[in-house]
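The structure under discussion appears below in the form of structure tokens.
The values are calculated or read from the model by the stated rules, or taken from the named source; none is laboratory data. Worth saying up front: this structure is predicted, and the values here are computed from it rather than measured. Here the Cβ is made from the backbone with ideal geometry for all residues, glycine too, and neighbour counts use every protein chain on show.
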Amino acid sequence: MSTAWTGSGDSAASGRGGVAPAAPARLRCGPAGRGRGYWATLAAIGAVGGVLSGLFAIGGGILMVPLLIWRAHLGQRQAAATSLVAVIPAAAVSSATYLAHGDVSIAGAALVAPGAVAGAVVGPLEQLIKVILETAGTRS
């Protein structure tokens with residue numbers, strides 16, 4: 001099973017035939033040995049995502065994920081996960097602004113939200129079940 005930011009790979013299981021490691025890698029806040037330019041790149045990617053979120057009412061991930069892969073050298077799964085977490089504050093601010101201007105259909109949001117939450121739960125659950133089954137298969 002992958003832990004947050006274990007390096008530049010796609011996931012902890014990548015390159016190992018799909019088998020998860022016995023013990024998860026140590027949790028770190030970011031890759032070691034990166035200079036100020038790396039952190040400035042991450043800040044710039046966040047700014048681009050925030051501007052897109054505010055201008056077009058999108059999460060910003062549509063551009064942040066490819067930029068995190070290309071410029072920050074993250075794997076696809078790490079880039080997607082990092083983008084999802086980074087977008088939370090931008091989405092909150094953008095949502096509050098649209099709400100303050102009366103542009104939000106509360107009824108529509110209430111009907112869309114349960115499906116969005118269910119979908120967000122099912123995706124990672126499928127991956128978790130896959131890792132559990134693979135791990136159980138290697139121990140028997």
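Structural remarks
- Residues of segment 89-121 classified as closer than 23 Å to GLY50 by Cβ, modelled with pLDDT under 85 and of a type in the set (A, V, I, L, M, F, W, C), total: 3
- Looking at ALA120, ALA109, ALA113, just one residue is surrounded by 10 or more Cβ atoms within 10 Å (Cβ to Cβ) and under 18 Å from ALA80 (Cβ atoms), and that residue is ALA120.
- Enumeration of residues in segment 53-76 that are in a helix (DSSP H, G or I), in contact (Cβ under 8 Å) with a residue 12 or more places away in the chain and within 19 Å of ALA116 (Cα to Cα): SER53, GLY61
- Some residue of segment 28-40 being in a helix (DSSP H, G or I), at pLDDT 85 or above and within 30 Å of ASP103 (Cβ to Cβ): no
- Considering the conditions (1) of a type outside the set (A, V, I, L, M, F, W, C); (2) on the phi > 0 side of the Ramachandran plot; (3) at pLDDT 85 or above, GLN76 is excluded by exactly one of them, (2).
- Criterion: under 14 Å from the mean Cα position of the chain (by Cα), part of a helix (DSSP H, G or I) and not β-branched (Val, Ile, Thr) - qualifying residue of ALA92, ALA110, ALA80: ALA80
- Some residue of segment 47-57 being surrounded by fewer than 13 Cβ atoms within 10 Å (Cβ to Cβ) and modelled with pLDDT of 90 or more: no
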